[in-house]
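Below is one structure, written out as structure tokens; comments come after it.
The values are calculated or read from the model by the stated rules, or taken from the named source; none is laboratory data. All of these numbers come straight from a predicted model, not from anything done at the bench. Note that we place each Cβ from the backbone using ideal geometry, even for glycine, and neighbour counts take in every protein chain shown.
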Number of protein chains: 2
Amino acid sequence: MVVPEAGLPAKVTIYEVGPRDGLQNEKSVVPTEVKAAFITRLVDAGLPIVEATSFVHPDWVPQLADAADLMRGLTADLGDAARQLPVLVPNQRGLDRAVELGLRHVAVFASATETFASKNLNRTLASQFEMFEPTIRQALDAGMDVRGYVSMCFGDPWEGAVPVEQVVAVGKRLLDLGVGQLSLGDTIGVATAGHVKALVAAFADAGVGCERLALHFHDTYGQALTNVHAGLQAGVTTYDASAGGLGGCPYAKSATGNLATEDLVWFLTGLGIEHGVDLEAVVAASAWMAGQLGRPSPSAVVRALADTAG
Amino acid sequence: MVVPEAGLPAKVTIYEVGPRDGLQNEKSVVPTEVKAAFITRLVDAGLPIVEATSFVHPDWVPQLADAADLMRGLTADLGDAARQLPVLVPNQRGLDRAVELGLRHVAVFASATETFASKNLNRTLASQFEMFEPTIRQALDAGMDVRGYVSMCFGDPWEGAVPVEQVVAVGKRLLDLGVGQLSLGDTIGVATAGHVKALVAAFADAGVGCERLALHFHDTYGQALTNVHAGLQAGVTTYDASAGGLGGCPYAKSATGNLATEDLVWFLTGLGIEHGVDLEAVVAASAWMAGQLGRPSPSAVVRALADTAG
């Protein structure tokens, strides 16, 4: 039954990260044609944005070593629509490859904490921006737009709770460099609803409105969807989600990872919030992908509905 | 990190239903001493109310055929504290057994829909009250208080969405019969946040305040905790939950069932809402129970923390 809640946005954009953020943590390499079929199914299901892959160095993430092949194959199949699929570019070399392929949307990956900047980027919190600056400038010069992921925005496994001011400072630096949208990540899943509202409010106080923000929640402690609820009440209208709940953070103890796209779609549908996604088609894609990976989806909605989806 | 959200209650009562609602759906019979140990651990973990069992006819629910033995054993171990543990009494015969044992708190189980009243109670929606009336009156005469569960308050597998007016009518009848608190159950897990607020508002319009209401959510579609969030925003301060997420509805396709107590505790703690529960102790109890049942807990928090809990 559709029962709206007063004060929530009328429309939400779901930013699908399953093919990139979900699959990058899979140990056994997924064939390129399976990835392409998964992405195509998600696009066909009405997901308005599907992040396809990452042009990371193959030594770091062997799962994504086929990034260029994947994008070439998708372009052959989907034409210009494939060039609209965002890709992660961790550095300038990654961006060069995206430019060669004529892609239109890229994303960079920053850290809100000193320790994660060191471990994940081999940079200090302050010096990470030196790495992003030329990449972002070159992307903008090429007419692309750039998304800025910020990880560890709520808690960090080594540093504990992360002050909202610190996250705002990192986000502002990225915006100043030309990033169009920030994706604020709860990488280890420790955010709760009040913290989400406090972070969005801190950005607003710093002059960064909701239209520049996306929220990216992990379900490690079962909190992802309540955090979306808090984000909606704070006015944020873009949410990252992963079809079937694929993915996870290697630093968290649990196997659970990204908010499942299906659970988010169910929630938005119940509230009468427009999202444009065909739930059954996403469930079918995720159930199919779960079969490819050989294990059940962690999404509650996929488990409840997979029998009835094709 | 604790970050409160403006306007939420300062304190919440968790009504633990794992030993009764969780275990009643287990196919293989759990030994009475295991049930008693589970209940004792939950009480020791600070859960203020732990529903222990149901005095249902053993032919209906063989799992709970040991109800009287269980309560006698608990009374020997815990003394008067065991008499404070609520039990479900589906009819007058069940109540007679609770009276004999000197118990203080009982609960009856009603349906908000015609079809479920027929299938679960073998009554019509209207005639179910004839069954409850003498039971409730006798319980009140014995100085007990009576909780009234209302199932299928949001959706019903046969009837679809359930009108809020219908739920309010059933709840009002139970209150008029002398029930102290209503537990409004989303038996098949289809509620979303706006629907929760609409139902609480409909009760308020009918003169039934939040202090008479508890909310009982199932996580079949991953919505349980957002529904609690909506309930808190509507002012409700009592929530049913099941340690380790034990239980499920036999009519839903998914194995997922009750909101996990641990996920609720994590959520409340993050919001700075007082609950009085020792999270690690509940996690340890649920991990131990999962070992007894031979399968992992569906609770995200238990899966994330069970390694570190004793």
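Odds and ends about this structure:
- Hey, A:Gly94 closer than 20 Å to A:Gly148 by Cα, in contact with a Gly (Cβ under 7 Å, 6 or more places away or on another chain) and of a type outside the set (A, V, I, L, M, F, W, C) or not: no
- Reported count of residues in the range B:40-63, each being closer than 23 Å to B:Leu182 by Cα and touching a Leu at 6+ places or on another chain (Cβ under 9 Å), is 9.
- Screening A:Val162 against (1) at negative phi; (2) more than 12 Å from chain B (Cβ to nearest Cβ) leaves a single unmet condition, (2).
- Exactly one residue out of A:Gln233, A:Gln181, A:Gln166 is out of contact with any Pro (no Cβ under 9 Å at 6 or more places or on another chain), under 30 Å from B:Pro9 (Cβ atoms) and of a type outside the set (Ser, Thr, Tyr): that is A:Gln233.
- Helices (runs of 4 or more DSSP H) fully within the range A:1-86 that include at least 3 residues being in contact with a strand residue (DSSP E or B) (Cβ under 9 Å, 6 or more places away or on another chain) and buried (at least 16 other Cβ atoms within 10 Å of the Cβ): A:32-44, A:67-78.
- Listed by first and then second residue, the pairs with beta-carbon distance under 8 Å, at least 6 apart or on different chains, first residue in the range B:192-203 and of a type in the set (Ser, Thr, Tyr), second surrounded by 21 or more Cβ atoms within 10 Å (Cβ to Cβ) and not in a helix (DSSP H, G or I), are B:Thr192/A:Leu271; B:Thr192/B:Gln223.
- In the range A:238-280, the qualifying residues are those that are touching a Lys or Arg at 6+ places or on another chain (Cβ under 7 Å) and at pLDDT 95 or above, and the one that is nearest to the other protein chains (Cβ to nearest Cβ) is A:Ile273.
- Number of positions in the range A:157-189 that are surrounded by fewer than 22 Cβ atoms within 10 Å (Cβ to Cβ) and under 19 Å from A:Ser54 (Cβ atoms): 2
- Number of residues in the range A:139-156 that are away from chain B (no Cβ under 12 Å) and surrounded by 17 or more Cβ atoms within 10 Å (Cβ to Cβ): the value is 9.
- Checking each residue in the range A:87-122 for being surrounded by 24 or more Cβ atoms within 10 Å (Cβ to Cβ) and more than 21 Å from A:Pro19 (Cα to Cα) picks out A:Ser111, A:Ala112, A:Thr113.
- Enumeration of residues in the range B:165-217 that are within 14 Å of chain A (Cβ to nearest Cβ), touching a helix residue (DSSP H, G or I) at 6+ places or on another chain (Cβ under 6 Å) and not aliphatic (A, V, I, L, M): B:Thr192, B:Lys197, B:Phe217
- Test: residue in the range B:273-285 that is on the phi < 0 side of the Ramachandran plot, more than 18 Å from the chain's Cα centre (by Cα) and assigned to a loop (DSSP other than H, G, I, E, B): yes
- Residue check, B:Phe109 free of Cβ contacts under 8 Å to residues at least 60 places away in the same chain, under 15 Å from B:Asp186 (Cα atoms), hydrophobic (A, V, I, L, M, F, W, C) and more than 14 Å from chain A (Cβ to nearest Cβ): yes
- Considering the range B:64-90, and only residues there that are out of contact with any Leu (no Cβ under 9 Å at 6 or more places or on another chain) and touching a residue at least 40 places away in the same chain (Cβ under 8 Å), the residue that is nearest to B:Gly294 (Cα to Cα) turns out to be B:Gly73.
- Residue among B:Asp176, B:Asp145, B:Asp156 that alone is under 19 Å from B:Gly209 (Cα atoms), in contact (Cβ under 8 Å) with a residue 40 or more places away in the chain and of a type in the set (Asp, Glu): B:Asp145
- Qualifying residue in the range A:295-304 (condition: surrounded by 23 or more Cβ atoms within 10 Å (Cβ to Cβ) and modelled with pLDDT of 95 or more): no
- Residues located in the range B:87-105, provided they are aliphatic (A, V, I, L, M) and part of a loop (DSSP other than H, G, I, E, B): B:Val89, B:Leu101, B:Leu103
- Filtered by the rule that a residue be on the phi > 0 side of the Ramachandran plot and modelled with pLDDT of 95 or more, the range B:171-221 gives B:Gly178, B:Gly207.
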